[in-house]
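Read-outs: derived from the displayed coordinates by stated rules, not from any lab. Computed from a predicted structure; not experimentally measured. Every residue, glycine among them, receives a Cβ derived from its backbone with ideal geometry; neighbour counts consider all protein chains shown.
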Amino acid sequence: MPDPSALTCVRCSARYPVDRYADDCPACRTAGAPANLTVAYDQVPGADLGRDDQRQRPRSMWRWQAFLPASVEQSVSLGEGDTPLVPVPDLGLGDVWIKDESRNPTWSFKDRLASSALTMAKRFGAKVIASSSSGNAGAAAAAYAARAGLPCIVFTFVGSAGPLVLQMRAYGAMVVKVSDKADRWRLQSLGVREFGWYPTSPFFGPVVGSNPYGMEGYKTIAYEIAEAFDWSPPDWCVLPVCYGDALYGMWKGFEDLRAVGWIARTPRFVAAEVSGSLVAAMASGDAMPPDVPRNAPSIATSIGASQATVQGLDVLRRSRGTAVTVGDDEMRRWVVTLATRQGIWPEASSAAPFAAIERLRAQGVIAPQERCVALLTASGLKDPGPIEMALPEPPLVGGGLPELMAALENTYGFTHG
Ligand SMILES: Cc1ncc(COP(=O)(O)O)c(C=O)c1O
Ligand SMILES: [Zn+2]
């Protein structure tokens, strides 16, 4: 594995020391386009390996250690990654595959981020992990901190409830609520600056994205997809996007593979978002995606933030991709369709790519023969509310067969034979 040699700005490429992971690029912030840092290696990652060597290693995202900032032995791992790529030819969407990240240890793609971030936290000697999240990022940080033997503080919002917050608590995180959302970042910032807490999530605005070392974990999604298609990447990768961390990480992963000559071309990317921030930036040509506040909350709370990042926008531009704004009704419809017709139950946010593919196929942006991979980022059990409303209440029946058959017909429209 190559040792990180610097952190560099995703926008202007300025170089910073490897331990500057809790800051963005000051030059780009002054220029009005705050930008995250990303990990740079002097040695080209993966350069000294053949592409088929990767298959031999134990299954986890750390089998790609030649591209990551630490080795398998150093990793804080729960066996994350190596998730299935499932074809879904019967959805009427053409050649579509689901990269099912709900099969990760805490049932979301954030495990890749948390595993990589916590691995580096240990390497840097961090004593406390901090995350501001009401959702999957906080749950993953809590689990991997437990695995690493480090205390973890998760800042959530007073309105946050349900399985995700319970998940954080179950993994032993110190969960604290704030009533003003801005306080989450303020408190985490103070902890990071005063006490050296190690941040895994964004914690200052305008948001630039997550811990750069964590984002390296998302590169492995690209490696797995390329390998599964025998090094012939799909035409499009379609992701539910909020800050664009996974978008950037996957793009960087495909670029790594092209740099070492394992693939000849990289996919185009689609951001399926609820805010419309990237849609607006793609239309205006601005350097920074605008803040587009919503009037009402989305059912896809995981991707509910109102402003995207420079790095997400950059990937769309560089890959000749596009952004699509999706609404509650179409996400709910796709959650139900995927669960009832394919046996795959996504969180509402993870249904957004299917609504986007549907629209882009209809518009001819994605051509009929082109192959798409939809990133299913998290399991439906994380936030079951949206689908519960769309399903019939199970009927209460007595012991008789006629009564049962009547109930099946009335509630589910089922008749025998
Ligand atoms: C389930 C799920 N999908 C997608 C996202 C979008 O994340 P990002 O755009 O930062 O990769 C999130 C973010 O928290 C999430 O929890
Ligand atoms: Zn910069």
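Scoring Asp183 on the criteria (1) closer than 27 Å to Pro34 by Cβ; (2) outside any helix (DSSP H, G or I) leaves a single failure, condition (2). The C-beta contact set for region 49-66 (first residue in contact (Cβ under 8 Å) with a residue 24 or more places away in the chain, second residue of a type in the set (Phe, Trp, Tyr), distance under 8 angstrom, 6+ apart or interchain) comprises Arg51/Trp231; Arg51/Trp262; Gln54/Trp64; Gln54/Tyr223; Trp64/Tyr223. Just one of the listed residues (Arg320, Arg341, Arg333) is closer than 25 Å to Ser134 by Cα and not hydrophobic (A, V, I, L, M, F, W, C), and it is Arg333.
Of all the criteria given as (1) crowded, with 24+ Cβ neighbours inside 10 Å; (2) away from ligand 1 (no atom under 13 Å from the Cβ), the one not satisfied by Asp235 is (1). Anything in region 303-314 that is within 16 Å of ligand 2 (Cβ to nearest atom) and either surrounded by 23 or more Cβ atoms within 10 Å (Cβ to Cβ) or assigned to a loop (DSSP other than H, G, I, E, B) (or both)? List them, or say none. The answer is Thr309, Val310, Gln311, Gly312, Leu313. Within region 322-333, one or more residues are in contact with a helix residue (DSSP H, G or I) (Cβ under 6 Å, 6 or more places away or on another chain), crowded, with 19+ Cβ neighbours inside 10 Å and more than 17 Å from Cys242 (Cβ to Cβ). Among the residues here, Ser306 qualifies as within 20 Å of the chain's Cα centre (by Cα) and closer than 18 Å to Val208 by Cβ.
Among strands (runs of 3 or more DSSP E) entirely within region 1-106, having at least 1 residues that are among the aromatic types (Phe, Trp, Tyr) and over 20 Å from the mean Cα position of the chain (by Cα) singles out 37-41. Checked against (1) in contact (Cβ under 8 Å) with a residue 40 or more places away in the chain; (2) more than 16 Å from ligand 2 (Cβ to nearest atom); (3) crowded, with 24+ Cβ neighbours inside 10 Å, Ala222 meets all criteria but (1).
Rundown of residues vs (1) within 12 Å of ligand 2 (Cβ to nearest atom); (2) of a type outside the set (Val, Ile, Thr); (3) closer than 30 Å to Val335 by Cβ; (4) surrounded by 19 or more Cβ atoms within 10 Å (Cβ to Cβ), yes/no style:
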{"site": "Val18", "(1), (2), (3), (4)": "no, no, no, yes"}
{"site": "Tyr21", "(1), (2), (3), (4)": "no, yes, no, yes"}
{"site": "Thr30", "(1), (2), (3), (4)": "yes, no, no, no"}
{"site": "Asp48", "(1), (2), (3), (4)": "no, yes, no, no"}
{"site": "Arg57", "(1), (2), (3), (4)": "no, yes, no, no"}
{"site": "Glu73", "(1), (2), (3), (4)": "no, yes, no, no"}
{"site": "Pro87", "(1), (2), (3), (4)": "no, yes, yes, no"}
{"site": "Asp95", "(1), (2), (3), (4)": "no, yes, yes, no"}
